[in-house]
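These notes concern the structure reproduced below.
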Amino acid sequence: MTYLEKLTLYLRLHDRNIFVDGTHLHREILMHMSQLHTFIFYISTEIEINDSINRLSDNDIQQTFTNIGYHRIACAVNYY
């Protein structure tokens, strides 16, 4: 898959203990695809959160993408 130029990813995760953020995506997927020009993704993560866990904001997660050079990001975090 090193010559893949466009990737669309729809990912729904349940029972995880962390969010998938820009750092994780970059290290585990994107840095292995040097020819990738377009990456469109929708990631939904459901986490059971207790009061002792630091709650991340939309901006916290967006910042992990902008810190590594991705600027067209939209993020929504909802806590139920």
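The values are calculated or read from the model by the stated rules, or taken from the named source; none is laboratory data. Since this is a predicted model, take the numbers as computed values, not measurements. Reconstructed Cβ throughout: ideal geometry from the backbone, glycine too, with neighbour counts over all protein chains shown.
Which residues, counting only those in the range 1-54, are basic (Lys, Arg) and either in a loop (DSSP other than H, G, I, E, B) or farther than 19 Å from Ala74 by Cα (or both)?
Of all residues in the range 1-54, those basic (Lys, Arg) come to 6, 12, 16, 27.
If the condition is that a residue be basic (Lys, Arg) and either in a loop (DSSP other than H, G, I, E, B) or farther than 19 Å from Ala74 by Cα (or both), then Arg16, Arg27 are the ones that fit.
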Q) If we scan the range 34-45, do we find a residue that is polar (S, T, N, Q) and over 24 Å from Glu5 (Cβ atoms)? A) yes
Q. If you check every pair at least six apart or on different chains, which have Cβ atoms under 9 Å apart with a residue in the range 61-75 that is within 19 Å of Ser44 (Cα to Cα) and free of Cβ contacts under 8 Å to residues at least 24 places away in the same chain first and a residue that is of a type in the set (Val, Ile, Thr) and surrounded by 18 or more Cβ atoms within 10 Å (Cβ to Cβ) second?
A. Cys75/Ile61
Q. Can Ile29 be described as without any contact (Cβ under 8 Å) to a residue 24 or more places away in the chain, under 29 Å from Tyr3 (Cβ atoms) and either surrounded by 13 or more Cβ atoms within 10 Å (Cβ to Cβ) or of a type in the set (Ser, Thr, Tyr) (or both)?
A. yes
Q) When the residues of the range 58-80 are filtered to those that are modelled with pLDDT under 85 and loosely packed, with under 13 Cβ neighbours inside 10 Å, which remaining residue is farthest from His24 (Cα to Cα)? A) Tyr80
